[in-house]
Amino acid sequence: MMNRLFLLFVISLMYACTTEAVQHKSSNTKLYFSYRICEKSGKCKNFTPTKKVDDYLFKRLDPAYDEFYIKDNNGNFTLYYKNVYSEDVQVGWAKAKVDKNNNELNLNIDKINLALGGVDFIKNGYATKQAESKNFKSGFYYLDDNYEGAPYYQKQKIVFKKIAGDLVLECNSYLNNLSVKDNFYGIFYGVCSDGKKVYFKEVN
């Protein structure tokens, strides 16, 4: 009897593991990271995403450059960003609506959730609101925290060209966004106004 129970336990355990593996394999979630940023001169730097165990995160000034992620969860897109300024560091995320997804990826956002940093110099934000996501005092933010405590509103259309497996940010059209032009501000304003080229590749 004991042997039979043990055998049933082993079989059920094997079935559970197999089911889990199949479910994991069938997941259509993709995560892209800004692994390469090129200057106007053509000089490029390659970067590595910050990861703790299996979780990707932003650290306030480690490293001290702008970073971006694009998450594609079965066609539902989310942008994550870290913008480094002389006076502050901002980390946030935004749900995006897809306009086009074939030879290029076109995304639209209008609400950005600030997760770390202040919004005092954003004209259409909440001037006195400081983002206080779960780990903001430690100066880092896990992508999956989904903090919604300090939103601000800015319409941005973002175009990515698909080149040899990479997603490449199209800065000319980005800088033509009226809200970006008028406010001299946006998720990709820093890199685009400096004439940089940002490449994304899948990291999971």
Summing +1 per Lys or Arg and -1 per Asp or Glu among the other residues with Cβ less than 13 Å from G75's Cβ gives +3
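Ordering E104, E148 by accessible area with a probe of 1.4 Å, largest first, what comes out?
Sorted by accessible area, descending: E148, E104.
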In Å², what does the accessible area per residue of region 27-203 work out to with a 1.4 Å probe? 51
Suppose the chain between N28 and K52 were pulled fully straight at 0.36 nm per residue; how much longer would it get relative to their current alpha carbon spacing? 6.4 nm
Could you compute the FRET efficiency for K181 and K201, with r as their C-beta to C-beta distance and R0 at 35 Å, rounded to 0.05? 0.75
How would you classify region 27-203 from its alpha-carbon gyration tensor, with a ≥ b ≥ c the square roots of the eigenvalues: rounded for a/c under 1.5, else prolate if a/b is greater than b/c, otherwise oblate? rounded
How do 43-52, 84-93, 185-194 rank on mean C-beta neighbours within 10 Å, highest first? 185-194, 84-93, 43-52
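The values are calculated or read from the model by the stated rules, or taken from the named source; none is laboratory data. Just so we're clear, the structure is a prediction, and the values are computed from it rather than from any experiment. Cβ sites come from the backbone with ideal geometry, for glycine too, and all protein chains shown count toward neighbours. Ligands, DNA and RNA are stripped out before the accessible areas are found, and what is left, the full protein with its side chains, is counted by its heavy atoms. Shrake-Rupley method; radii C 1.70, N 1.55, O 1.52, S 1.80 Å.
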